[in-house]
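The values are calculated or read from the model by the stated rules, or taken from the named source; none is laboratory data. A quick note: this is a predicted structure, and the numbers were derived from the prediction, not measured. Positions of Cβ are generated from backbone atoms using ideal geometry, with glycine treated the same way; all protein chains shown enter the neighbour counts. In case anyone asks, the SASA skips ligands and DNA or RNA and just uses the protein heavy atoms, side chains included. Shrake-Rupley method; radii C 1.70, N 1.55, O 1.52, S 1.80 Å.
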Amino acid sequence: MKKGLGILAALLIIAAGGYVALNQHSATKQDIKKTVSKVKQSVSRETSAQKKYPIKIKTGTEAAKLLIVVNKKHPLPSDYNPYNGAVTGNNPDGGGLMTAANEAKSKLILAMQQAGFPIASNVSSFRYYSYQQSLYDGYVTQHGQSWADKYSARPGYSEHQSGMAFDLVGEDGDLPTSTTMYNWLKNHAYKYGLIIRYPKGKASITGYDQEQWHLRYIGVKYATEMHKWGVATLEEFTGISGGDYNSDKSADVSALDEYK
Ligand SMILES: [Zn+2]
């Protein structure tokens, strides 16, 4: 009897071991299945996002106006004035912004002030070509051209001339640089149709280092899409090239002729 029990016990142990091993094996199989399906899902998500951008825009449409890309390869003509001359002077009342951009700016600033950021209600916005020229020339005289190109736009290449962009100004009168504000804007600006035009680590695409104070209006629809799809720059969203200046100006394409 004793011997028989011993054999039975040994058999039971072997069987149990086999059961555990089998279970572990099937658990591993399930894990692999889960991982494969997760990878498949994320691949299909990426593919569907890639299909959506760069988005297709036709020239002359409202979308083409909203998504105008002014950068170091796509300047505005020297006489370009989004108001057809109706607005005079730099930073006139209303910030010199296009109406929708101006409304978005006011709503955003109110929300920022309510969230506790020390942001002034006035902004630095529209700049004439001639004003940008005097700014840029001043920087070149004072600090040299490479400094000027790093921190300021050459005349015609400034997004401020579009009437769609503005710089936030702190209550102390300086440009606000806080990281907390940068993160807040990344999560909230799109609700007002605004984007951080020069996000962190994208200088090779936008042509500028991080500027969390420089916001650009593109409308709630497109700003929400960029946020949802995780597209950081307007260049990537529209498929329009950016980065540094062309060494030969003749390679430039007017910001007004980007969309076909
Ligand atoms: Zn700016």
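Take the residues in the stretch 238-260 that are small (Gly, Ala, Ser), surrounded by fewer than 17 Cβ atoms within 10 Å (Cβ to Cβ) and in contact (Cβ under 8 Å) with a residue 12 or more places away in the chain, then tell me which one is nearest to Ala63 (Cα to Cα).
The qualifying residue nearest to Ala63 (Cα to Cα) is Gly239.
Test Tyr217 against the stated conditions and say whether it is hydroxyl-bearing (Ser, Thr, Tyr), open to solvent by 40 Å² or more (accessible area, probe 1.4 Å), touching a residue at least 40 places away in the same chain (Cβ under 8 Å) and closer than 19 Å to Lys65 by Cβ.
For Tyr217, the condition - hydroxyl-bearing (Ser, Thr, Tyr), open to solvent by 40 Å² or more (accessible area, probe 1.4 Å), touching a residue at least 40 places away in the same chain (Cβ under 8 Å) and closer than 19 Å to Lys65 by Cβ - is not met.
For Arg127, are the conditions met, namely being in the same structural domain as Gln210 (by TED's automatic domain parsing), within 15 Å of the ligand (Cβ to nearest atom) and at pLDDT below 95?
So Arg127 passes the test.
Kindly establish whether Phe166 is within 15 Å of the ligand (Cβ to nearest atom), assigned to a loop (DSSP other than H, G, I, E, B) and open to solvent by less than 10 Å² (accessible area, probe 1.4 Å).
Against the criterion (within 15 Å of the ligand (Cβ to nearest atom), assigned to a loop (DSSP other than H, G, I, E, B) and open to solvent by less than 10 Å² (accessible area, probe 1.4 Å)), Phe166 does not qualify.
I'd like the residue in the stretch 220-237 that is open to solvent by less than 20 Å² (accessible area, probe 1.4 Å) and over 18 Å from Met98 (Cβ atoms) and, out of all such residues, is farthest from the ligand (Cβ to nearest atom).
Restricting to residues being open to solvent by less than 20 Å² (accessible area, probe 1.4 Å) and over 18 Å from Met98 (Cβ atoms), the top hit is Val231.
Kindly indicate which of Tyr198, Tyr208, Tyr192, Tyr151 is open to solvent by 50 Å² or more (accessible area, probe 1.4 Å) and within 12 Å of the ligand (Cβ to nearest atom).
Step by step, each of Tyr198, Tyr208, Tyr192, Tyr151 is checked, and only Tyr151 is open to solvent by 50 Å² or more (accessible area, probe 1.4 Å) and within 12 Å of the ligand (Cβ to nearest atom).
Is it the case that some residue within the stretch 137-145 is touching a residue at least 12 places away in the same chain (Cβ under 8 Å), on the phi < 0 side of the Ramachandran plot and not hydroxyl-bearing (Ser, Thr, Tyr)?
For the stretch 137-145, residues touching a residue at least 12 places away in the same chain (Cβ under 8 Å), on the phi < 0 side of the Ramachandran plot and not hydroxyl-bearing (Ser, Thr, Tyr): absent.
From (1) more than 19 Å from Ser134 (Cβ to Cβ); (2) touching a residue at least 40 places away in the same chain (Cβ under 8 Å), pick out the condition that doesn't hold for Ile196.
(2)
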